[in-house]
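Notes follow once the structure below has been shown.
The values are calculated or read from the model by the stated rules, or taken from the named source; none is laboratory data. None of the values given here were measured: they were computed from a predicted structure. All Cβ positions, even for glycine, are placed from backbone atoms using ideal geometry, and neighbour counts span all protein chains on display.
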Amino acid sequence: MKTETKLLPHGDCAVDAVFENSISPEVNAHVLALARAVREAEKPGIVGLTPAYRTLTVEYDPMELTYGQVCLFLRGLLEQPERRAEGKLVRIPVLYGGDRGPDLPEVALHAGMTEEEVVRRHTAPEYPVYMIGFMPGFPYLGGLDPAIACPRRSVPRSRVEGGSVGIAGMQTGVYPSPSPGGWNIIGRTPFTLFDEKTLSLLSAGDRVRFVPIDEETYMEIKKTGEWDG
């Protein structure tokens, strides 16, 4: 991997591999490539991996490995040619506006455009999933159109419904379950992003495409759990 990477201690049984100080698909691709290399190496004593925007946290069993041994292992992987794997594309249906997207008018006002144009711009890109965090199954997505970026709400809600699609700054994401939150809610998906059986619908490295649907389609998906979109 031809990129500068720092290895730093994270507590007493983990190492952070820290890449460039920026949030971008290219930097995140380095993180995910290293995570893949660690998994494929199947090194005894490595017990967990947590990819983020520009870091990979590698947890290890201190009864089996030392900090120095883990760093040596990671340096060896970083010197090898990088192998990237493209994640799956997941299409997520969204009912925009109304009771399920109460902040859509405010986002449109902030952007100086119609609600329809906000929806068009929000559904245009393929969003890379940088990481899963904040709560189980919550995807942090990159690639939001800057024209519809909007600051967090000044007063967070005490409850945001599961499936709510929001915008905060230059990010968009989906609340997998009910939670307090300060993101601007512009719609809601009938999909379940996380449960105990299937765990997370999305993983770091996947790509997301939002698809606008109407109320009838929303209710049908909620009822059947099926969608051919």
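If I ask for residues that are over 18 Å from residue 85 (Cβ atoms) and touching a strand residue (DSSP E or B) at 6+ places or on another chain (Cβ under 9 Å), which ones from segment 12-34 would you list? Answer for segment 12-34, where residues must be over 18 Å from residue 85 (Cβ atoms) and touching a strand residue (DSSP E or B) at 6+ places or on another chain (Cβ under 9 Å): 13, 14, 15, 16, 18, 23. In this structure, is residue 75 under 24 Å from residue 200 (Cα atoms) and not acidic (Asp, Glu)? No, not satisfied. The residues listed here are 95, 104, 74; of these, the one that is over 13 Å from residue 147 (Cα atoms) and not assigned by TED's automatic domain parsing to the domain that holds residue 189 is 74.
Return yes or no: is residue 123 touching a Lys or Arg at 6+ places or on another chain (Cβ under 9 Å) and of a type in the set (Val, Ile, Thr)? Judged against the criteria, residue 123 is a match.
Taking every residue in segment 8-36 that is within 16 Å of residue 203 (Cα to Cα) and pairing it with any residue that is among the charged types (D, E, K, R) and surrounded by 17 or more Cβ atoms within 10 Å (Cβ to Cβ), at least 6 positions away or on another chain, the pairs with Cβ-Cβ distances below 8 Å are 28/54; 31/54. Counting only strands (runs of 3 or more DSSP E) that sit wholly inside segment 94-169, those with at least 2 residues that are free of Cβ contacts under 8 Å to residues at least 24 places away in the same chain are 157-160.
Residues of segment 174-201 that are within 17 Å of the chain's Cα centre (by Cα) and assigned to a strand (DSSP E or B): 174, 179, 181, 184, 185, 188, 194, 195, 199, 200.
Of all the criteria given as (1) part of a helix (DSSP H, G or I); (2) under 12 Å from residue 15 (Cα atoms); (3) touching a residue at least 24 places away in the same chain (Cβ under 8 Å), the one not satisfied by residue 59 is (1).
For segment 191-210, does any single residue satisfy the condition of being touching a helix residue (DSSP H, G or I) at 6+ places or on another chain (Cβ under 7 Å), surrounded by fewer than 16 Cβ atoms within 10 Å (Cβ to Cβ), within 22 Å of residue 98 (Cβ to Cβ) and not assigned by TED's automatic domain parsing to the domain that holds residue 22? Looking for residues that are touching a helix residue (DSSP H, G or I) at 6+ places or on another chain (Cβ under 7 Å), surrounded by fewer than 16 Cβ atoms within 10 Å (Cβ to Cβ), within 22 Å of residue 98 (Cβ to Cβ) and not assigned by TED's automatic domain parsing to the domain that holds residue 22, one finds none in segment 191-210, hence no.
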